[in-house]
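Chemist: Starting off with a structure, shown below.
The values are calculated or read from the model by the stated rules, or taken from the named source; none is laboratory data. Everything quoted here is computed from the prediction, not taken from an experiment. Here the Cβ positions follow ideal geometry from the backbone for every residue, glycine too, while neighbour counts run over all protein chains shown.
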């Protein structure tokens, strides 16, 4: 095919179509905002417990973090339309040992993927909901090592937008001025 001074072959057209699709996907990611701080609001949340995830994005590429005592959970994912597919990795030796793992096993788990999430952004863009599949990690105490890892059946998760600006939250223990339990401080 000849268009003006350009001689295009079929593979040129295929590359142009692929480039246009990639450009459209990137543009759609910029037009679908998920950046912000999201709080879990489904019925499985323990009373008085707050779970917040802070997400940031560049087009369809999404990263997030949840601060916890002794470490943090890191989220990475891709936005496809209004669907968000993410993985969660746990970081922090103390946080992992607080969950009941021996220190040697905690070293193996630290930084590895421990859950998968598949979420959908609501039409009004204030709620993300979908499934959460945690990873079951089996291990032995003597010698301490991971023997098996498998993803469990997904459960329902729902998060509500509390701020479009990413908020850094930190859990602070033992507040002497107040005897109401752990205090959540926004930094």
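Chemist: Just need a number here: residues in the stretch 32-54 that are under 18 Å from residue 167 (Cβ atoms) and either in contact with a strand residue (DSSP E or B) (Cβ under 6 Å, 6 or more places away or on another chain) or touching a residue at least 12 places away in the same chain (Cβ under 8 Å) (or both).
Modeler: Going through the stretch 32-54 one residue at a time, the tally reaches 14.
Conditions (1) farther than 16 Å from residue 157 by Cβ; (2) at pLDDT 90 or above; (3) more than 17 Å from the chain's Cα centre (by Cα); (4) assigned by TED's automatic domain parsing to the domain that holds residue 110, marked per residue:
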site	(1), (2), (3), (4)
39	no, yes, no, yes
45	no, no, yes, yes
58	yes, yes, no, yes
61	yes, yes, no, yes
66	no, yes, no, yes
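Chemist: Residue by residue through the stretch 23-60, note down the ones that are touching a helix residue (DSSP H, G or I) at 6+ places or on another chain (Cβ under 8 Å) and at positive phi.
Modeler: 59
Chemist: Here's another thing I want to ask about it. Condition first: out of contact with any strand residue (DSSP E or B) (no Cβ under 8 Å at 6 or more places or on another chain) and surrounded by 15 or more Cβ atoms within 10 Å (Cβ to Cβ). Now tell me which residues in the stretch 118-173 satisfy that.
Modeler: 144
Chemist: Return the only residue of 118, 140, 147 being free of Cβ contacts under 8 Å to residues at least 40 places away in the same chain, in a strand (DSSP E or B) and under 19 Å from the mean Cα position of the chain (by Cα).
Modeler: The unique qualifying residue is 118.
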